[in-house]
Amino acid sequence: MAVLAQERFLIVTGKGGVGKTTVAASLAVQLAGRGKRVLVAMCNAKERLSAMLGSAPIDADVTPVLPASAGFAGVWAVNMEPQRALEEYGMLTLKSRALYKVLFDNKYVRMFFRAVPGIQEWSMLGKAWWHTTEEQADGTPRFDVVILDAPATGHGLDMLRVPKVIQEVVPPGILRRDADRAMELFRDPARTAVVLVTLPEEMPTTETLELAHALRTELQLPIARLVVNGVLPPLFSLAERAALEALPLASAPSDVAPGEAALAAGRDRAVRERVQAHSLARLGKELPVQTTYLPLLFEDAAQPAAIQKLARRVAVVRA
C-alpha cells in the first residue's frame, strides 16, 4: 500500500472502544519506520499507550517511547493534562515563568479558567497544535508528524469545535491569533488528515457516519482515512449464513447437546458476519474514502507484538 505521509497533523477519532489508541500507536510505528519523527498526543486519557509500545508510563511531559535507530526515526508521547497544558500556554504567551506566576498562579484565576467553556479542551488541542510548530536548533521541525489521539466521538467533536468558537466570539488578540493559525492547519488537506476509526458493527457505523458529516459540513476538516478495526475473515457463504441463522434456539443452556453447542457457535458467527457485511457495505456507500481493514486479533492487541503487526497494515493515504 502506497504511503503519502506528508501530513503534519493527524487527528485519530471515533466512538469510544473502537481502538483509537491502538490505531494511533500503529500509525506512529509505521510512520517512524518511514523516517518520520512522531509525537503521539493523548488527551488526559487512561494511559494504555506505554503497554502497547513497551515503554515506561507516559505522563504530561513529552517522553521518548521508542528510540531512534537505523531506519527508525523515533516515537515520542505525551498524555496532556488540561491544567498543565494551560500553564504551558500561559508561559509561552508571556515568555516569563515569573510573570505567569504573578498573573495566573492563584486560586481565583484558576477558578475562572475552569469556568470558561472550552478552555480545557483548547489547552490540550492548542498544545497538540503548538507541537507542530516546534523547531530544533537547526530550524527543522522537532516532530515531523503529531498524532492527536482525540477523545471519543462526542467529546472529540466538542474539542475540535473550540477554535472555531474562539474565532467567532473572542476579540482579536493572542488567543484569537493562535486559534486562527490552528484552524488554518486543521483545514489544510496538505498538512492535516482526519483518521476515523470504527468497528464493523451497527452502532459504531452509525456514529462514524454522523461524525464524518459533522467534521465535513460544520468544521470543514479533511477526512483522509477510514480504519475499520476488528474485521473477521468470513467463514460462511450467504446461503450458509441463512441456514445457520434459521436454526432454532435451545430453550435453556442445559438443553444444549454437545453437537448443538457447535451449531450455536456457528449461528452466532453467521449473525456477526451478516452484521459486519452490512456495516462495511454501508460505510463504503456513505463514506467513500480510502479505507484500511484491520483484522480482529485473538491475542491481546495492547502488546508491542500486536502493534507491530497492525503497523504493517495501516497507512496514511490521500482519498
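The values are calculated or read from the model by the stated rules, or taken from the named source; none is laboratory data. It should be emphasised that the depicted structure is a prediction, and the values quoted were computed from it without experimental measurement. Cβ coordinates were reconstructed from backbone atoms using ideal geometry, including for glycine residues, and neighbour counts include every protein chain displayed.
Please work out if Thr21 is under 14 Å from the mean Cα position of the chain (by Cα), at pLDDT 85 or above and surrounded by 14 or more Cβ atoms within 10 Å (Cβ to Cβ).
Yes; evaluated as a whole, the condition is true for this residue.
Name the residues in segment 143-159 that are farther than 15 Å from Ile119 by Cβ, in contact (Cβ under 8 Å) with a residue 12 or more places away in the chain and assigned to a helix (DSSP H, G or I), would you?
Thr153, Gly156, Leu157 - these are the residues of segment 143-159 that are farther than 15 Å from Ile119 by Cβ, in contact (Cβ under 8 Å) with a residue 12 or more places away in the chain and assigned to a helix (DSSP H, G or I).
Does Trp130 fit the bill of being of a type in the set (Phe, Trp, Tyr) and out of contact with any helix residue (DSSP H, G or I) (no Cβ under 6 Å at 6 or more places or on another chain)?
So Trp130 passes the test.
Being aliphatic (A, V, I, L, M), surrounded by fewer than 16 Cβ atoms within 10 Å (Cβ to Cβ) and more than 30 Å from Arg274 (Cα to Cα) is the filter here, so list the residues in segment 186-210 that pass it.
Ala190
Do we find that Arg191 is touching a residue at least 12 places away in the same chain (Cβ under 8 Å) and basic (Lys, Arg) in this structure?
Yes, satisfied.
Can you give me the number of residues within segment 162-206 that are within 26 Å of Val227 (Cα to Cα) and among the small types (Gly, Ala, Ser)?
Qualifying residue count, segment 162-206: 3.
When the residues of segment 115-142 are narrowed to those that are outside any loop (DSSP other than H, G, I, E, B) and charged (D, E, K, R), which ends up farthest from Asp59 (Cα to Cα)?
So the residue we want is Glu135.
Listed residues Pro172, Pro189, Pro204, Pro163; which is closer than 17 Å to Met124 by Cα, out of contact with any Gly (no Cβ under 7 Å at 6 or more places or on another chain) and not hydrophobic (A, V, I, L, M, F, W, C)?
Just a single option satisfies the conditions, and that option is Pro163.
On the given criteria, is Ala306 surrounded by 13 or more Cβ atoms within 10 Å (Cβ to Cβ) and at pLDDT 95 or above?
no
Here is a list of conditions, (1) part of a helix (DSSP H, G or I); (2) under 23 Å from Leu185 (Cα atoms), and Gln83 meets all of them except one; can you say which number that is?
Against the list (1) part of a helix (DSSP H, G or I); (2) under 23 Å from Leu185 (Cα atoms), Gln83 comes up short only on (2).
Name every residue in segment 108-141 that is on the phi > 0 side of the Ramachandran plot and modelled with pLDDT of 90 or more, in order of residue number.
Gly139
Within the set of pairs 6+ apart or on separate chains, which have a first residue in segment 51-77 that is touching a residue at least 40 places away in the same chain (Cβ under 8 Å) and at positive phi, a second that is part of a loop (DSSP other than H, G, I, E, B) and surrounded by 15 or more Cβ atoms within 10 Å (Cβ to Cβ), and C-beta atoms under 7 Å apart?
Pairs found: Gly74/Arg37.
Here is a check on your reading of the model: is Ala182 touching a residue at least 12 places away in the same chain (Cβ under 8 Å), in a helix (DSSP H, G or I), buried (at least 24 other Cβ atoms within 10 Å of the Cβ) and small (Gly, Ala, Ser)?
Considered against the rule, which asks whether it is touching a residue at least 12 places away in the same chain (Cβ under 8 Å), in a helix (DSSP H, G or I), buried (at least 24 other Cβ atoms within 10 Å of the Cβ) and small (Gly, Ala, Ser), Ala182 comes out as yes.
Given (1) at pLDDT 85 or above; (2) under 21 Å from the mean Cα position of the chain (by Cα); (3) of a type outside the set (Gly, Ala, Ser), identify the lone condition not met by Thr153.
(1)
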